[in-house]
Amino acid sequence: LDSTTDKDEL
Amino acid sequence: MNIFRLTGDLSHLAAIIILLLKIWKTRSCAGISGKSQILFALVFTTRYLDLLTSFISFYNTIMKLIYIGCAYATVYLIYMKFKATYDGNHDSFRLEFLVVPVGGLACLVNHDFSFLEILWTFSIYLESVAILPQLFMISKTGEAETITTHYLFFLGLYRALYLFNWIWRFYFEGFFDMIAIVAGVVQTILYCDFFYLYVTKVLKGKKLSLPA
């Protein structure tokens, strides 16, 4: 679960 | 996007607008911690630098610009325009006690040791404690204007709604970000005491005053 990619949250 | 995140963002936007209007209409920032507002401006600046590098959506871009604009406008109103009404004596929380440890933690615990990722991590950790100077100030003055309590309510509610957003995203998208979740839980816990006072006092029409 690589979470550094989608910084789509404010 | 899900309902929890949308209502969370709108709650956050409401808080920011309520504060700006309170200061602008009453032409006073009495009871408002300028230091917390400086921290929020720093949070948005370090988190939204990706405005310069990537486009996610119009909603994302516009909301980020509104948040940054309102944050700096609020700091300007407090420290420049209505400086005479700023209660510096009670706004005495030492910012370095927050910024330095948070900066250190962001360098130690992060997803990726890159410039933007460290700044994003710093902003996530900082946001979770950014309200402390404001809560500290209220504990020193022993009271808060009702409009200020509404500001704090929506500000605290926004991250609580984000917790549900993360549960939703984990369940439906398999997405989770441990750093954002842990910081969000800490941030929401810091409001619990205030939420209790807000529900038991302000919603019953009383003024929020802490036992002296």
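The values are calculated or read from the model by the stated rules, or taken from the named source; none is laboratory data. This is a predicted model, so every value here is computed, not measured. Note that each Cβ is placed from the backbone with ideal geometry, even for glycine, and that neighbours are counted across all protein chains shown.
May I ask you to list the residues in the stretch B:21-37 that are hydrophobic (A, V, I, L, M, F, W, C), surrounded by 24 or more Cβ atoms within 10 Å (Cβ to Cβ) and more than 9 Å from B:Phe82 (Cα to Cα)?
Result: B:Ile32, single match.
Just one of the numbered conditions (1) β-branched (Val, Ile, Thr); (2) farther than 30 Å from B:Thr141 by Cα; (3) surrounded by 14 or more Cβ atoms within 10 Å (Cβ to Cβ) is not true of B:Val102; which one?
Only one criterion in (1) β-branched (Val, Ile, Thr); (2) farther than 30 Å from B:Thr141 by Cα; (3) surrounded by 14 or more Cβ atoms within 10 Å (Cβ to Cβ) is unmet by B:Val102, namely (2).
So in the stretch B:50-98, with the set limited to residues that are within 14 Å of chain A (Cβ to nearest Cβ) and in contact with a Lys or Arg (Cβ under 7 Å, 6 or more places away or on another chain), which one is surrounded by the fewest Cβ atoms within 10 Å (Cβ to Cβ)?
The selected residue is B:Leu51.
In the stretch B:106-116, which residue that is in a helix (DSSP H, G or I) and crowded, with 16+ Cβ neighbours inside 10 Å is farthest from the other protein chains (Cβ to nearest Cβ)?
That would be B:Ala106.
For the stretch B:93-125, which positions are more than 16 Å from B:Leu49 (Cβ to Cβ) and β-branched (Val, Ile, Thr)?
B:Val99, B:Val100, B:Val102, B:Val109
Can you find a residue in the stretch B:139-156 that is in contact (Cβ under 8 Å) with a residue 24 or more places away in the chain and within 14 Å of another protein chain (Cβ to nearest Cβ)?
Scanning the stretch B:139-156, I find at least one residue that is in contact (Cβ under 8 Å) with a residue 24 or more places away in the chain and within 14 Å of another protein chain (Cβ to nearest Cβ), so the answer is yes.
Going by the structure shown, is B:Tyr125 crowded, with 17+ Cβ neighbours inside 10 Å, away from every other protein chain (no Cβ under 14 Å) and of a type in the set (Ser, Thr, Tyr)? Full working, then the answer.
Working: crowded, with 17+ Cβ neighbours inside 10 Å: yes; away from every other protein chain (no Cβ under 14 Å): yes; of a type in the set (Ser, Thr, Tyr): yes.
Yes.
Only one residue in B:Leu190, B:Leu197 is within 13 Å of the chain's Cα centre (by Cα) and either modelled with pLDDT of 95 or more or of a type in the set (Asp, Glu) (or both). Which one?
Details: B:Leu197 fails: within 13 Å of the chain's Cα centre (by Cα).
Only one candidate passes the filter, namely B:Leu190.
Do we find a residue being in contact with a Phe, Trp or Tyr (Cβ under 7 Å, 6 or more places away or on another chain), more than 21 Å from B:Gly156 (Cβ to Cβ), modelled with pLDDT of 95 or more and among the β-branched types (Val, Ile, Thr) anywhere in the stretch B:82-98?
no
Does B:Leu152 meet the test of being buried (at least 19 other Cβ atoms within 10 Å of the Cβ), closer than 18 Å to B:Ala30 by Cβ and not aromatic (Phe, Trp, Tyr)?
Yes, satisfied.
Take B:Gly8 and tell me if it is surrounded by 14 or more Cβ atoms within 10 Å (Cβ to Cβ), touching a residue at least 12 places away in the same chain (Cβ under 8 Å) and on the phi > 0 side of the Ramachandran plot.
no
Do you know which of the residues in the stretch B:19-44 that are within 24 Å of B:Cys107 (Cα to Cα) and in contact (Cβ under 8 Å) with a residue 60 or more places away in the chain is nearest to the other protein chains (Cβ to nearest Cβ)?
Only one residue fits best here, namely B:Phe44.
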